Each structure stands twice: as structure tokens, then as C-alpha cells.
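The values are calculated or read from the model by the stated rules, or taken from the named source; none is laboratory data. Owing to the predicted nature of the structure, the values given are computational and were not obtained by experimental measurement. Here the Cβ is made from the backbone with ideal geometry for all residues, glycine too, and neighbour counts use every protein chain on show. What goes into the accessible areas is simple: the full protein's heavy atoms, side chains included, and nothing from ligands, DNA or RNA. Shrake-Rupley method; radii C 1.70, N 1.55, O 1.52, S 1.80 Å.
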Amino acid sequence: MGKLDGKVAIVTGATSGMGRDSAKLFAAEGAKVVVCGRNEERAKAVVDDIKAAGGEAIYVIVDMANLDEVPKVFDETMEAYGTVDVLFNNAGILSMTPFMDLTLEEWNNVFKVNVTSALILTQLVAPVMKEKGKGNIINTCSVASFGAHHGCAAYVDSKHAMMGLTRSMAWELGPEIRCNGIAPGLIHTAMVDSIGGPAALQNMIDQCPVKRCGEGKDIAELALFLASDECTFLDGQIIKCDGGFEI
């Protein structure tokens, strides 16, 4: 028996990295998974892998920066499965623009993807979960939620906002719905590769007691725990998954 048997789980940003590994693990544990992302080829590949392993999944193509598209995720989930039990708000983008060079357009785009899309989706799924008397929301925060870094103001500020949003969700959506956040450290994803990969961030590995870069599966295992019934007394928490790295 899987830890998510009979549940329907939406995973945004599920076509690569942490989201992809989480979608596959959720399906392996019995969930019907809604894989969300911008790239249809990658989304279909994740769904095909899930089905090949005996799981069940559909994909929804959505650009989280286009807020008008976000409700499509909820609509297609309800059309396919009629309910939702778990929402993993994992979609995110990186901004490496220094504060003084940051445009309002880039600022708004980062917040749309990293924060506002999660707000919209949670507002849509919450009534369904409330009516069922049970549900789980998981938000991807970051170690950047706890401190600042030079040259990435929009990203840092969006992750601070995601931490606050997670706690606000927990206060207002409980007791039926539990809301927790995961704060990854250095995880080997396409986002990390875009800025040079683990080698470019060796200093973070050096400051990490486990002395390695994290993998998507490390986040997936924690997300599974938060989504499961093994974790019923954890709410409103932001859990670092960073190998012990401290800012």
C-alpha cells in the first residue's frame, strides 16, 4: 500500500528537477498526479515514465508567469479526477540581476511565477479540500527565504514572500488543510546548471556538513512525507533541506 493511495496530487514545475522527481515518487506511492509545466515534450516524458512504471498521471501545459493560464491547472484536474488532495507549488524561476539594475518587469515576472501562481492555485483547491475535510499544500521556498544574497534581490524577496505566504495559509486554512514549505539549499537542477552547476557553487558544498550537492530525490522524499498521513502534526513550518548549510 502506497503512502498516497487514492489521492490526487498536483505538482507544478514538474517537468524537471525536484518537481519531476516528486511527481514520479508521488505516483509510485499511489497518487494520481497532475504534471504541470511549460514544455509539452518534457511533460509528456514525465507522464510516460509514470505510466510505464504502473502509475497514473496527466499533464497540463501552463506558463505560471501568465496568471490567466493558472486556473487551467485546477480546471483540468477536476475534469480528469474530480477532486484534489495534494498541491505542491514548486514552480519557480531564478533572477540574478543586481538590485540597482532590476526592472519592474523582471521583478513582477519573478513574483508571478514564484509566489502569485501559488496563491491563485491554493485559493482554487482550498474549497475542495475544505469540503473533504482534509488536504495538504506544500510550497517550495528556499534557503534564500532566511537571508539575503548579493545580486539576486527579486529571487530572494520572492522566497521571503513564499515563506510568509506558507505561514499565512497555515493559519487561515487549518485545521482541515495543512500547509508547509520546503527550503532547498544547493540542489542539482537545471536552474543550478544555468549558473554554472555545482562546480560554480563549490563554496556552498564546502560549508555543508554532508559535503555534496543535493538531488531532486532529496526534495521528493521530504515532499512525500509532508503530503502523507505520517505528518499530521506538522503545519506552518518551513523545513530546510540543505545538507546543513547555513547562510
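A search for C-beta distances below 6 Å between a residue of region 1-23 that is outside any loop (DSSP other than H, G, I, E, B) and at pLDDT 95 or above and any residue that is surrounded by 23 or more Cβ atoms within 10 Å (Cβ to Cβ) and of a type in the set (S, T, Y), counting only pairs 6+ apart in sequence or on different chains, returns I10/T77; V11/S22.
Residues in region 208-242 that are in contact with a Pro (Cβ under 8 Å, 6 or more places away or on another chain) and open to solvent by less than 30 Å² (accessible area, probe 1.4 Å) were compared, and the one that is modelled with the lowest pLDDT is C213.
Given the conditions (1) out of contact with any helix residue (DSSP H, G or I) (no Cβ under 7 Å at 6 or more places or on another chain); (2) closer than 22 Å to R167 by Cβ; (3) of a type outside the set (D, E); (4) buried (at least 17 other Cβ atoms within 10 Å of the Cβ), which single one is not true for V115? Against the list (1) out of contact with any helix residue (DSSP H, G or I) (no Cβ under 7 Å at 6 or more places or on another chain); (2) closer than 22 Å to R167 by Cβ; (3) of a type outside the set (D, E); (4) buried (at least 17 other Cβ atoms within 10 Å of the Cβ), V115 comes up short only on (1). Restricting T77, T103, T83 to residues that are loosely packed, with under 12 Cβ neighbours inside 10 Å and either of a type outside the set (F, W, Y) or over 17 Å from the mean Cα position of the chain (by Cα) (or both) narrows the list to T103.
Just so you know, in region 21-41 the residues that are in contact with a Lys or Arg (Cβ under 8 Å, 6 or more places away or on another chain) and among the charged types (D, E, K, R) include one that is most open to solvent (accessible area, probe 1.4 Å), and it is K32. Checked against the criterion of being touching a Gly at 6+ places or on another chain (Cβ under 6 Å) and open to solvent by 10 Å² or more (accessible area, probe 1.4 Å), the candidates G2, G6, G54 yield just one match: G2.
Restricting attention to region 86-100 and to residues that are farther than 19 Å from T140 by Cβ and touching a residue at least 24 places away in the same chain (Cβ under 8 Å), the residue that is nearest to the chain's Cα centre (by Cα) turns out to be T97. Where helices (runs of 4 or more DSSP H) fall entirely within region 39-148, those with at least 1 residues that are within 20 Å of S22 (Cα to Cα) and out of contact with any Asp or Glu (no Cβ under 6 Å at 6 or more places or on another chain) are at 40-52, 71-81, 117-132.
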